[in-house]
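Participant: If you scroll down you'll find the structure; I have some questions about it.
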Amino acid sequence: MLPRDLKPEQFRTYPPEARKLAVNNLRTLQQLPLSFLPNLLSEIIELDYKFPVERQRISKEIAMLGSLAPAQMHEWFGSFRDLSLSIKLEHLDWLNQPAQFVEQLSAHLWSTHQLDAFRKAAKEYGNRLQAAVAPDQPVIARLGIAIIGQGLDAYDGRLFRDLREHGTFFSHINPENGIQQLMKAVAARAQAHPVPYAHWYVEGGHVVEHGPMLTHVSYQALEAKRLALLNKMNAEIKRPGMGPVELRTILAALQPADVGFDSQEDVVLNHFQLKLLTEGSGTQVFSTTFVQWTAREALRRAQPLTLLVRFGPRQRQRPMNELLSNIDSHSEPDLVGSLVDADMGAYYNWINQQRLPGAEYSSFIAWFEGSSRAVALGPPFARGATSSATATLEELASWAVG
Amino acid sequence: MIVKEPFIGDASSNCLREATNGLSCSRRDFLRSAAGVVLGGASPFLYAGPASTRKVIVVTFGGGARDQETFAPAGQENIPYMLKELIPQASFFTQVVNRGVLGHYVATASLATGVYETLNNFSSTPPQHPTVFEYFRKDLKRPPTDAWVVAPSNGFSRIGESESRRYGPGWGAQVILPKHLLLAAMSGGTIDYEHLLRDNYETPLFAPQLKGGEFEFRQMETILKLSVGDFRSHAKTLSSPDELSVYVVQQLMQQQAPSLIWVTMHDIDVAHTGAYSLYVESVRRTDRLCAELWKIVQSNPEYAGNTTMMILPDFGRDSDEEAGGNGFQHHRTGDPSSRTTWMMALGAGVREGRIYDQPVQSTDLVPTLGSIMGFQASIAQGRPIQELF
């Protein structure tokens, strides 16, 4: 089937909001090339479970596409139409399984050496879209906070190597009540600007008291779901004929309730958390990876105004000689390794925050928990500078948001 | 929606070229200042006696390492052995571009055939085109014991021999999978080492059944001349599968002294778990193992003085700036950082302390090996770096 053959009744398996959007814009969807449309459908089919910012963005994008004249449509999608697809791809159920189609398309583009052409077409599309539908600016300047080193008393190595060149390194932070002060600053922002899913607290270790208005995700709180998922994966892996493609298809079809999420809870957040575990690599076993990936996805999808992430210790990777000698040190955390992971994770959090609208006004703080070392980035802070000024975390947060 | 990276990065050919040139320049500048090597000029290769006595060892520095953690200034602390011990003895190519599929099996197969293979990365299938082992053995009429592959995982079990009709069956390399040996040696125990035997880091979901049985016992006893007990005891002193691979290579060299050995390192691919510290730790380990392997070469009379060793990653990893990826964790975007790597050649017939900026492709390796060893890689897409000879 090709996009031009689409009919309204074919969207009957889509959730209500998704179906409504697709059917109302069917004429637009019919005009899009197969190398492009399933990407858009993979977003539409999830519409009912997406964050408000995402829903708005998708609706605007489709409305804009609908406003294009035929010549513009040709211009926008010519590069996509030039891509050569296989008959096999055309016969896939891209309407009901668009994400799986995109995966197959990706493999096809790699193997036929068309990936660069696709990326070029995608970039051009992104630039046109950005010019046509200007992204909404945040109502307040964004603030990102990364707290690293939970459980580690001291570390002599260099920290924040990648962040320092973009901001000011503070060597004399007063750590007393630092977490509480940062939490208080975050809660105040949530209270002052009560936008749904705009203020987040992601925890990789022990959860601390936090404001009720924060969207909260915790690695430990998801333990039962993680184990349920790992059990499912292990069971599937052992089935004859199971391969990575087949398993990904199975995981993609999972619903939150399948791994124990309560259907009475926040449906959008449940779906988000399920995807963290089914689509993220390493998120099921390493808390540092989970926290970094959660921050990345929260920033990419929910575009929060405030994001506080606190990395926790991850389990230690046992070396071969230990495994072969059956030395049981499974539960022992790797505190230094977790700090190194979190340091890089904090850098990635900042990079991902800076991809969002309003980046020029955004600020970011990273702090080695319990220590006097922190780095702050944003308009109020000089780049590549070091400050020996004594300051509390409360003051640092206050300076960051102006 | 579709473009998650509208602001950063460009994979158009021109941009790719510019970016790879940039990577190449940073490697060159760093090496010149840190290791005291000089810019190429003359051919990297010298006459090193008759090809019939030459031995070649190819090491893939895997799976996939970036400049930031290796040859860029910030990464130098992770590669002290290559920097201080190997580079001064080597000819170093700063710009090796992989334009193929960036999965470890398919990319290694491409390296081994000189053709950008398109086979399924996650299936145990042979390369579509003749491998370097087939060219070597058929053209030079070498016995099966003269070409070996030591590879990390089950997926590499077919890499020794292609499905090519002109070459193929009977002309390939023998393949040793150390994890299979380990499984055979440890069978019957109740030890939880499932994680260690995990086949592939690229997807935690890919874990085909490993086999370990009669064939592996035979390899241990007749090829490596090791008792099961000895193998098991030694394995218990090692920290990683790549260390086990180097141990197997050492035994292979002692017992069989093959002319062509291909060893694929894989520890670095732990990066897919997203733990940066484990990734860096693996880079450091691989750096050390490369130096250890070179020492093993020098201490073995069958190899000392007549062996050329080539070290190169199969490809890089995604850059931090590429929005479609997640930095070091994967190699999915096809950006310049993930496509551009380096290669060093050292030993017999190689000029020492030279840097070459000329761009080469991954597929040039096999024709270059052909020039060194005296066979013709007739179906390879690449061309010999020997034109620099």
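The values are calculated or read from the model by the stated rules, or taken from the named source; none is laboratory data. None of the values given here were measured: they were computed from a predicted structure. Backbone-built Cβ (ideal geometry, glycine too); neighbour counts: all protein chains shown.
Participant: Taking the range A:153-198, which residues are assigned to a strand (DSSP E or B) and not hydrophobic (A, V, I, L, M, F, W, C)?
Facilitator: Selection gives A:T168, A:N174.
Participant: Quick one: which residue in A:Q273, A:Q220, A:Q264 is more than 10 Å from chain B (Cβ to nearest Cβ), out of contact with any helix residue (DSSP H, G or I) (no Cβ under 7 Å at 6 or more places or on another chain), under 28 Å from A:G337 (Cβ atoms) and not acidic (D, E)?
Facilitator: On the way: A:Q273 fails: out of contact with any helix residue (DSSP H, G or I) (no Cβ under 7 Å at 6 or more places or on another chain); A:Q264 fails: under 28 Å from A:G337 (Cβ atoms).
Only one candidate passes the filter, namely A:Q220.
Participant: Whether any residue in the range B:289-301 is under 30 Å from A:A295 (Cβ atoms) and in contact (Cβ under 8 Å) with a residue 40 or more places away in the chain is what I want to check.
Facilitator: Narrowing the range B:289-301 to residues under 30 Å from A:A295 (Cβ atoms): none.
No, the range B:289-301 contains no residue that is under 30 Å from A:A295 (Cβ atoms) and in contact (Cβ under 8 Å) with a residue 40 or more places away in the chain.
Participant: Among all residue pairs at least 6 apart or on different chains, which show Cβ distances below 7 Å where the first residue, located in the range A:96-108, is assigned by TED's automatic domain parsing to the domain that holds A:A18 and the second is among the aromatic types (F, W, Y)?
Facilitator: Here the result reads A:F101/A:W94, each pair linking the range A:96-108 to a residue that is among the aromatic types (F, W, Y).
Participant: Right, another one. Output the residue which, of all residues in the range A:125-145 that are within 14 Å of another protein chain (Cβ to nearest Cβ) and crowded, with 20+ Cβ neighbours inside 10 Å, is nearest to A:F364 (Cα to Cα).
Facilitator: Selected residue: A:L129.
Participant: Working carefully through the options B:V149, B:V175, find the one that is closer than 27 Å to B:E221 by Cβ, free of Cβ contacts under 8 Å to residues at least 60 places away in the same chain and among the hydrophobic types (A, V, I, L, M, F, W, C). So that I can check it myself, show each step before the final result.
Facilitator: Working: B:V149 fails: free of Cβ contacts under 8 Å to residues at least 60 places away in the same chain.
After applying the criteria, what remains is B:V175.
Participant: Taking B:A109 and the conditions (1) more than 12 Å from chain A (Cβ to nearest Cβ); (2) closer than 23 Å to A:S111 by Cβ; (3) in a helix (DSSP H, G or I); (4) touching a residue at least 60 places away in the same chain (Cβ under 8 Å), which numbered condition does it fall short on, given that it satisfies the others?
Facilitator: (4)
Participant: Filter the range A:51-72 down to the residues that are more than 17 Å from A:P3 (Cα to Cα), within 11 Å of another protein chain (Cβ to nearest Cβ) and crowded, with 17+ Cβ neighbours inside 10 Å and list them by number.
Facilitator: A:E54, A:R57, A:I58, A:E61
Participant: For the subset of the range B:127-162 comprising residues that are touching a Gly at 6+ places or on another chain (Cβ under 8 Å) and farther than 26 Å from B:Y247 by Cα, which member is farthest from the other protein chains (Cβ to nearest Cβ)?
Facilitator: For the range B:127-162, the residue satisfying everything is B:L140.
Participant: Do any strands (runs of 3 or more DSSP E) entirely within the range A:318-402 hold 3 or more residues that are of a type in the set (F, W, Y), and if so, which?
Facilitator: A:363-368
Participant: Among A:L377, A:L396, which is the only one that is surrounded by 18 or more Cβ atoms within 10 Å (Cβ to Cβ), more than 14 Å from chain B (Cβ to nearest Cβ), under 19 Å from A:H166 (Cα atoms) and out of contact with any Leu (no Cβ under 8 Å at 6 or more places or on another chain)? Write out each step before concluding.
Facilitator: On the way: A:L377 fails: out of contact with any Leu (no Cβ under 8 Å at 6 or more places or on another chain).
Step by step, each of A:L377, A:L396 is checked, and only A:L396 is surrounded by 18 or more Cβ atoms within 10 Å (Cβ to Cβ), more than 14 Å from chain B (Cβ to nearest Cβ), under 19 Å from A:H166 (Cα atoms) and out of contact with any Leu (no Cβ under 8 Å at 6 or more places or on another chain).
Participant: For the range A:243-261, what are the residues that are in a helix (DSSP H, G or I), touching a residue at least 24 places away in the same chain (Cβ under 8 Å) and either within 14 Å of chain B (Cβ to nearest Cβ) or of a type in the set (G, A, S) (or both)? Break it down into steps so the answer makes sense when it comes.
Facilitator: Taking the range A:243-261 as the starting set, the residues that turn out to be in a helix (DSSP H, G or I) are A:244-252, A:256-259.
Imposing the further condition that a residue be touching a residue at least 24 places away in the same chain (Cβ under 8 Å) reduces the set to A:245, A:248-249, A:251-252, A:258-259.
Hits for the range A:243-261 are A:V245, A:R248, A:T249, A:L251, A:A252.
Participant: Could you please let me know if A:G204 is surrounded by 15 or more Cβ atoms within 10 Å (Cβ to Cβ), within 27 Å of A:L152 (Cβ to Cβ) and within 14 Å of chain B (Cβ to nearest Cβ)?
Facilitator: Spelling it out, A:G204 is indeed surrounded by 15 or more Cβ atoms within 10 Å (Cβ to Cβ), within 27 Å of A:L152 (Cβ to Cβ) and within 14 Å of chain B (Cβ to nearest Cβ).
Participant: Which is at pLDDT 95 or above and either within 20 Å of the chain's Cα centre (by Cα) or buried (at least 23 other Cβ atoms within 10 Å of the Cβ) (or both), of B:A257, B:A185, B:A151? Spell out how you get there, then give the answer.
Facilitator: Working: B:A185 fails: at pLDDT 95 or above; B:A151 fails: at pLDDT 95 or above.
Only one candidate qualifies: B:A257.
Participant: Just one of the numbered conditions (1) crowded, with 16+ Cβ neighbours inside 10 Å; (2) modelled with pLDDT of 95 or more; (3) within 11 Å of chain B (Cβ to nearest Cβ); (4) touching a Phe, Trp or Tyr at 6+ places or on another chain (Cβ under 8 Å) is not true of A:Q315; which one?
Facilitator: The failed condition is (2).
Participant: Take B:G168 and decide whether it is on the phi > 0 side of the Ramachandran plot and surrounded by 24 or more Cβ atoms within 10 Å (Cβ to Cβ).
Facilitator: no
Participant: Let me ask you something else. Mind listing whichever residues of the range A:267-310 are under 25 Å from A:G149 (Cβ atoms), in a helix (DSSP H, G or I), out of contact with any Lys or Arg (no Cβ under 9 Å at 6 or more places or on another chain) and not aliphatic (A, V, I, L, M)?
Facilitator: Hits for the range A:267-310 are A:Q292, A:W293, A:T294, A:R296.
Participant: Among the listed residues B:D357, B:D320, B:D314, B:D364, which satisfies the condition of being more than 20 Å from B:E77 (Cα to Cα) and either without any contact (Cβ under 8 Å) to a residue 24 or more places away in the chain or more than 19 Å from the chain's Cα centre (by Cα) (or both)?
Facilitator: B:D357
Participant: So, in the range B:88-100, how many residues would count as being buried (at least 24 other Cβ atoms within 10 Å of the Cβ) and either of a type outside the set (V, I, T) or part of a helix (DSSP H, G or I) (or both)?
Facilitator: 6
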